[in-house]
Amino acid sequence: MLTVAPHLRTRRPSPTTVEYTVSTSPSPTLPLRLLLGLTILLRVTIGLSVLLLLYSKFLLSDYSTPLEPYSSRPQLQSNAFIWYLAYNLTTSHLGALFTHLATLTPPIALLPASFTILYLLSLRLHTTESLLVLRGLGIQTSSSSSTFLSGSTTRFIPTEKIQDILVNEAFRGFEVRYYLVVVVEGEESVVVVFPRLLPRRQILETVWRGVRGCLFEPEEKAG
């Protein structure tokens, strides 16, 4: 329910601009928004719990210094407020529970498990890739990263560098997969559009016709 098969969305901001977006994100209905909100809340809760467990384990080591209590609450925007929260959290019932868990968990098991969980929590639920076509200027490809730790990968190719746009086919195991490529002047390898999702042939052909119609057909008719 949180993800669907790659589907195409087309947006035309102007007569000379068209954007093709392929995504595994479903339509944003109200139940889906609530489910995504609960998923985000669960991720944040698990992430904070892992960090608190790591911090509790650090406090038990010889490298930590005991936190001192504060007679009054520091200002909200000061660094002392962070240590104020840390002290109150570690001395609470919840902090005592995590301290007990940290005592029972050896570091050789805690560290790999914690980093693995934090990495899994950073993974994106959806993959989104797009192709922006600007008549007379060129095309821009964009692909979202697999985690929230890095941004999207984009590349702009000027029109004068584009030699051709093709739909090719290749074998992946025993399966035939189709992919959209851009032949760039001066480059030995082609640029694959939607490289992570590799949508089905019907989507690629729709994008291929639209890109050629926006970039090349007006010039061909004028010639």
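The values are calculated or read from the model by the stated rules, or taken from the named source; none is laboratory data. Model, not experiment: these values are computed from the prediction. All Cβ positions, glycine included, derive from the backbone under ideal geometry; neighbour counts span all protein chains shown. The accessibility values were calculated without ligands, DNA or RNA, using every heavy atom of the protein model including side chains. Shrake-Rupley method; radii C 1.70, N 1.55, O 1.52, S 1.80 Å.
List of remarks:
- Pick from segment 22-72, criterion small (Gly, Ala, Ser) and in a helix (DSSP H, G or I), ranking: nearest to residue 117 (Cα to Cα): 47
- One residue from 39, 90 being of a type in the set (S, T, N, Q), in contact (Cβ under 8 Å) with a residue 24 or more places away in the chain and loosely packed, with under 14 Cβ neighbours inside 10 Å: 39
- Residue 177 over 15 Å from residue 8 (Cα atoms) and without any contact (Cβ under 8 Å) to a residue 12 or more places away in the chain: no
- Cβ-Cβ contacts under 7 Å between residues 6 or more apart (or on different chains), taken from a first residue in segment 204-223 that is more than 15 Å from residue 21 (Cβ to Cβ) to a second residue that is in a helix (DSSP H, G or I) and modelled with pLDDT of 90 or more, are listed as 215/159.
- When the strands (runs of 3 or more DSSP E) confined to segment 126-170 are screened for residues that are open to solvent by 80 Å² or more (accessible area, probe 1.4 Å) and of a type outside the set (Phe, Trp, Tyr), those reaching at least 2 such residues are found at 153-158.
- Selected residue (only one of 150, 92, 130 is of a type outside the set (A, V, I, L, M, F, W, C) and touching a strand residue (DSSP E or B) at 6+ places or on another chain (Cβ under 9 Å)): 130
- Residue within segment 171-179 that is in contact with a Leu (Cβ under 8 Å, 6 or more places away or on another chain) and of a type in the set (Val, Ile, Thr) present: no
- Residue match in segment 99-113 (condition: among the aliphatic types (A, V, I, L, M), at pLDDT 90 or above, surrounded by 11 or more Cβ atoms within 10 Å (Cβ to Cβ) and farther than 15 Å from residue 49 by Cβ): yes
- Candidate set from segment 52-62 (those that are without any contact (Cβ under 8 Å) to a residue 24 or more places away in the chain and either among the hydrophobic types (A, V, I, L, M, F, W, C) or open to solvent by 60 Å² or more (accessible area, probe 1.4 Å) (or both)); member that is farthest from residue 108 (Cα to Cα): 62
- Within segment 8-36, restricting attention to residues that are surrounded by fewer than 13 Cβ atoms within 10 Å (Cβ to Cβ) and among the small types (Gly, Ala, Ser), the residue that is modelled with the highest pLDDT is 14.
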